[in-house]
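The next block holds one structure in the form of structure tokens; read it before the comments.
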Amino acid sequence: MSFVERMNISIILAHLHPGSFNHVIAETVTGTLSQNGHEVCFHDLYAEGFDPVLPHDEIPRDAVLPDDISWYCAEIAAADGLVFVHPDWWGMPPAILKGFIDRVFRPGTSYWFLEGDTGEGIPVCLLQAKSALVINTSNTPSHREREVFGDPLERLGKDCICGFCGIPVCQRRMFGVIVTSSGEQRM
């Protein structure tokens with residue numbers, strides 16, 4: 001018998017249609033992690049009515065945050081792992097997920113800059129998560145995503161978010177081409 005450490009995992013889903021393949025993926029991940037004894041916090045940002053607009057008053061690192069944003073920040077800070085499930089829209093996640101990152105992955109929660117930083121922008125990483133998994137769907141073939149577009153979602157997840165906040169492992173799995181796939185192919 002092998003010992004698997006129980007982890008706190010936050011799953012963030014950003015797809016507007018409840019019957020989407022993204023929802024099926026998120027439900028499968030949530031169920032599998034729960035069955036394996038992990039503590040799972042699942043968020044469907046559209047169903048929760050998450051407001052992705054970053055108000056000016058939330059920008060300062062010592063800003064007083066709304067209760068819901070403080071709660072998300074505390075959850076992300078305590079997570080051992082993160083899973084993001086979303087479609088690829090123009091080489092980016094949907095705006096609701098970008099807004100979640102803007103509002104929740106913030107100074108004092110996810111990163112900090114040293115006192116006296118003169119613009120280098122080299123963060124002190126604060127997240128304790130050991131790994132992140134980004135699962136996205138796309139209507140672009142993976143080879144075209146890499147060769148023509150430079151795989152912007154890979155770079156965004158691995159370097160610009162996870163690396164910046166101290167998550168050492170960021171894996172990405174892309175499912176595509178969804179628009180022409182059958183239900184059997186998605187199984």
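Observations on the structure shown:
- Theoretical gain in end-to-end length, Asp68 to Tyr46 [0.36 nm per residue, Cα-Cα removed]: 6.5 nm
- HN-Hα J in Hz across segment 68-84 - Karplus 6.51, -1.76, 1.60, θ = phi - 60°, x for Gly and Pro: 5, 5, 4, 5, 4, 4, 5, 5, 5, 5, 8, 6, 8, x, 10, 10, 10
- Rg/Rh for segment 8-176, where both radii come from Cα atoms and Rh is the Kirkwood radius: 0.96
- With neighbours defined as other Cβ atoms within 10 Å of a residue's Cβ, the residues Glu115, Glu5 order from fewest to most as Glu115, Glu5.
- Förster radius 30 Å - calculated FRET efficiency between Glu115 and Met92, Cβ distance, rounded to 0.05: 0.35
- Ile59 versus Val24: modelled label distance in nm, points set 7 Å from Cα along the beta carbon direction: 4.3 nm
- Remark: Met7, Met92 ranked as Met92, Met7, counting other beta-carbon atoms within 10 Å and listing the fewest first.
- Taking amide H atoms as placed 1.01 Å from N in the peptide plane, the amide H of Met92 has no partner under 5 Å among residues 5 or more positions away or on other chains.
- For segment 98-111, 3J(HN,Hα) per residue [Karplus equation, 6.51 cos²θ - 1.76 cosθ + 1.60, θ = phi - 60°, Hz, x = Gly/Pro]: 4, x, 4, 4, 4, 8, 9, 8, 10, x, x, 10, 10, 7
- Near the amide H of Phe113, within less than 5 Å, lie the amide hydrogens of Val124, all on another chain or at least 5 residues away, with H placed in the peptide plane.
- The label point for Val124 and the one for Leu16, both projected 7 Å from the Cα toward the Cβ, are 4.1 nm apart.
- Table column - 3J(HN,Hα) (Hz), segment 27-32, Karplus curve with 6.51, -1.76, 1.60, x for Gly and Pro: 5, 5, 4, 4, x, 5
- 5 angstrom amide H check on Ile135, placed H, neighbours 5+ away: Phe84, Val85, His86, Arg173
Bear in mind that the values in this text are calculations on the coordinates, not laboratory data. Computed from a predicted model, the values in this text were never measured in an experiment. Note that each Cβ is placed from the backbone with ideal geometry, even for glycine, and that neighbours are counted across all protein chains shown.
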